[in-house]
Amino acid sequence: MKNKLKDTGNKIKTFFKGLPKNTKTFFKELPDKTKKFIKHLPHNTKVFVKNFPRNAKNFVKNNVLFTFFVVSMVINGILLRTFTVKNFTDISPILSDLALVLIVASFAYLFKPKNRFKYLMTWMIILTAVCLINSMYYANYVSFTSFSLLATSLQIFGVGDALENVVEIKDFCYIWAPIIFVYINHRLKKSGYFTKYFTKEKRKTKFLKIIGVGAIVLVCFLTTVTGTDISRLYKQWNREYVVMKFGIYVYQINDLVASLKPQISPLFGYDAAAKEFREYYEEYPSETSDNKYTDIFKGKNVIVIHAESIQNFLLDTKINGQEITPNLKKLASEGLYFSNFYAQESVGTSSDSEFTFNTSLLPASSGTVFVSYWDREYVTTPKLLKEQNYYTFSMHANKPNFWNREVMHEKLGYDKFYSYTNDYEINDEDILGLGLNDKSFFSQSVDKIKQIDEEHDNWYGVLIMLTNHTPFTALEGQETLDLTYKYKKVNEETGQEEEVVNDYLTDTILGRYFETAHYADAAIGEFVDKLDAEGLLDDTVLVIYGDHDAKIKRSEYDYYYNYNPETDDVLDEDDPKYDEFTKYDYELNRKVPFIIWTKDKEVNEEITDVMGMYDVLPTLGNMFGIHSDYALGHDMFSADEDEHFVVFPNGNWVTNKMYYDNQNGEGVLLNENEVISSEYIEKYTTRAEQEVSVSNNIIVHDLIKKTRESNKIKGENK
């Protein structure tokens, strides 16, 4: 024993001897300095500091369940931010999580000891579920989920068979807490813990002390918060920023409140919202000047193809010499092709794109318009064309209640909604993925359009595709692309060159996406051919837009662009050939195609200026002679350089010069030779936040309807 102690002492001496001089001095003087510090503290504080280790130990010993609950829930909050927004070391969200968890847990002391486990366990399940669900959602949609999406949660995750692609092993790291919590409670009960430590407990006193500590932590947290932080918490549009600053638990509670806005918002904030609305349109009126495309298509019929999950890079992608989207590429080369076009969807994905396409407004900051704000009044393309005696219709090969379309399409101004359930013949062999396959859908739709054309002089129709929907498994067993990687390699034994075939993209999400996109493109080609054969393209404008990106993780693209056939894996980051697919590469790659095509080829031009989904109504409006006073976007052929600007629902924005991440306060130049000033960034950041706020106010407070009613009353009183 003496030898062991002597050996330990020698190791400690060696440790101190090897320390830098200042470090040695610090450790050497630490005991004296600590004593001196305590000596000069007021008496009560000295007693507190002196007794703190013992008191803390006793508190933990006497409050095992409470302590574990608080610590584990704070750890889970840190884990979530580690896997998502990456700011796991920031003190602000830790203090926020700790304050909220302490306050929630303090109420456990109002229960008898035997019932505390039930109370804490209930909250642990709720908070663990918050972390788990948001972890899955963020990995697939780079955002955090909302209570307002509960009614459509299965739709968000691609319905059923997409679950295996949504869930990752890391998502289950949060469930360690409830499992261990149950085990601890079992051991405590078995040991007689609840009888031993809680015989003379003053429950209300403990409750007040704990909630007091929670309040103190909350005050400490509030000292780290700015007015901008509070504003973004209230507006909720910048979800990542809110989680980074306030933690996941405060975000989710705030989201719950925001999700109730459709019911309570008319009572609060209307005056401020209306004022901001008026001032915005006074400064940025929705105007279009005449140009070479003004009224060029006035009186023509319109077919719009809502191309599910089609991204722009597909048009220039080949796999083993085979084009992914030859038909879209051909149409783009023959018509107006907007090659820097971005969808501006939020958590409502396809439904958000439909909304923005039709209204030139941004999606709602909380929830989705189709589900939460369907009863508002909007100025839309179908309504404006109906004023010119157009018959308007929409078609979709899915159930009518998917995204509440049956209700919302009527609100958007469609005279009829043709749906999977009510209007199409369904055979088992025609079912792919979530519903009727695109080829059968288009084929049957042509017959319906032919009848509409016979009955109406002018018509406008939207066809919503489906087969290329996540999880891109619809074509299993029917693949047509060669997704392997072939290369030549010298056999070391024979010295002969031989061909090696690697699976490469086979059985990958990106590979499956290429397959279903290739099928969707073929369906579009067949549709155009059949329309032409029926004479339906002679006086018709074809409009095609990708509704949003495929929501495929960045790691899939990193593998695709940095594939090493020798290892059948991704190149090492230190390899000279490695080209990192950065988060900005990912964001810029999310572009979708927007094509305007006519059979007589009146127009043929590529437009490279940046464009967003909310620019569609003003651009088409100029061509068809319609106009919305409430459009946030611009006609692409009237817009000046300042107006080539796209804002995303999270506050990020892109211009012809740069992409800016408003959440992190950083960006990337699209031309490295550009010189960007801080004033340039401030100008567009302010404008982005204005557009997000004004659009949300229009939706939440039904400002279009109320403004029209107010103007009508003023007109009657003149």
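Observations
- Efficiency of FRET from Cβ geometry, Ile126 and Lys190, R₀ 25 Å, rounded to 0.05: 0.40
- Each residue of the stretch 363-377 was assigned a 3J(HN,Hα) from its phi angle through the Karplus expression (A = 6.51, B = -1.76, C = 1.60, θ = phi - 60°), giving x, 5, 6, 10, x, 10, 4, 4, 9, 9, 10, 5, 8, 8, 9 Hz with x at Gly and Pro.
- Extension gain, Gln478 to Ser678, is 66.7 nm, computed as 0.36 nm per intervening residue step minus the present C-alpha separation.
- When DSSP beta bridges are restricted to pairs lying wholly in the chain, around 50% turn out antiparallel.
- Here the stretch 101-119 is scanned for amide nitrogen atoms under 16 Å from the site 7 Å beyond the Cα of Leu256 along Cα-to-Cβ, giving 101-108, 119.
- In sequence order, the stretch 606-615 has phi-based couplings of 9, 9, 9, 4, 5, 9, x, 4, 6, 8 Hz under the Karplus curve 6.51 cos²θ - 1.76 cosθ + 1.60, θ = phi - 60°, and Gly or Pro positions carry x.
- Summing Lys and Arg as +1 and Asp and Glu as -1 over all other residues whose Cβ lies under 10 Å from the Cβ of Leu412 gives a net charge of +1.
- Protection proxy ranking for 71-77, 309-315, 358-364, using the average of other Cβ atoms within 10 Å per residue and placing the highest first: 358-364, 309-315, 71-77.
- Leading residue at positive end of dipole, the stretch 271-717 (Cβ point charges), from Thr392, Tyr560, Tyr659: Thr392
- Ranking of Ser135, Ser677 by count of other Cβ atoms within 10 Å, fewest first: Ser677, Ser135
- The residues packed around Asp661, meaning those with a beta-carbon under 11 Å from its beta-carbon, carry a net charge of -2 if Lys and Arg are +1 and Asp and Glu are -1.
- Cβ-Cβ distance of Ala215 and Glu279, R₀ of 35 Å, FRET efficiency by 1/(1 + (r/R0)^6): the value works out to about 0.35.
- Ranking of Ser693, Ser146, Ser445, Ser710 by neighbouring Cβ atoms within 10 Å, starting from the fewest: Ser710, Ser693, Ser445, Ser146.
- Span-like helix criteria (full DSSP H runs; alpha carbon extent of at least 18 Å along the helix axis; mean Kyte-Doolittle hydropathy of at least 0.0) are satisfied in the chain by 64-83, 91-106, 113-141, 176-190, 203-222, 239-259, 509-533.
- Annotation: the residues Cys220, Cys131, sorted from fewest to most other C-beta atoms within 10 Å of their own C-beta, follow the order Cys220, Cys131.
- Qualifying GluC sites (Glu not before Pro) in the stretch 261-354, where qualification requires a DSSP coil assignment and no more than 12 other C-beta atoms within 10 Å, comprise Glu287.
- Annotation: extensible slack from Lys601 through Glu454 equals 50.5 nm (criterion: 0.36 nm per residue apart, minus Cα-Cα distance).
- Net charge dipole, the chain: roughly 9180 debye, given to the nearest 20, about the Cα centre with Cβ charges of +1 for Lys and Arg and -1 for Asp and Glu.
- Listed values (i) 33.1; (ii) 47.0; (iii) 29.0, entry calculated as mean projected area of the Cα convex hull in nm²: (ii)
- ³J(HN,Hα) computed for each position of the stretch 645-654 - Karplus, 6.51 cos²θ - 1.76 cosθ + 1.60, integer Hz, glycine/proline x: 8, 10, 9, 9, x, 8, x, 5, 8, 9
- Loop-located GluC sites (Glu not before Pro) across the stretch 509-541 with a Cβ neighbour count of 16 or fewer within 10 Å are Glu534, with loop assigned by DSSP.
- Between the C-alpha center of the stretch 574-623 and that of the stretch 442-467 there is a gap of 26 Å.
- Computing FRET efficiency as 1/(1 + (r/R0)^6) for Ile713 and Glu410, where r is the C-beta to C-beta distance and R0 is 30 Å, gives about 0.65.
- Full extension of the segment from Lys486 to Val668, taken as 0.36 nm per residue of separation minus the current Cα-Cα distance, would add 62.0 nm.
- The distance from the alpha carbon centre of the stretch 487-526 to that of the stretch 67-110 is 46 Å, rounded to a whole number.
- Projecting the Cα positions of Ser372, Asn711, Gly335 onto the charge dipole of the chain (unit charges on Cβ atoms of Lys, Arg, Asp and Glu, taken about the Cα centre) puts Ser372 furthest along the positive direction.
None of the figures in this text is laboratory data; all of them are computed from the coordinates on show. Just so it is clear, the model here is predicted, and its values are computed rather than measured. Reconstructed Cβ throughout: ideal geometry from the backbone, glycine too, with neighbour counts over all protein chains shown.
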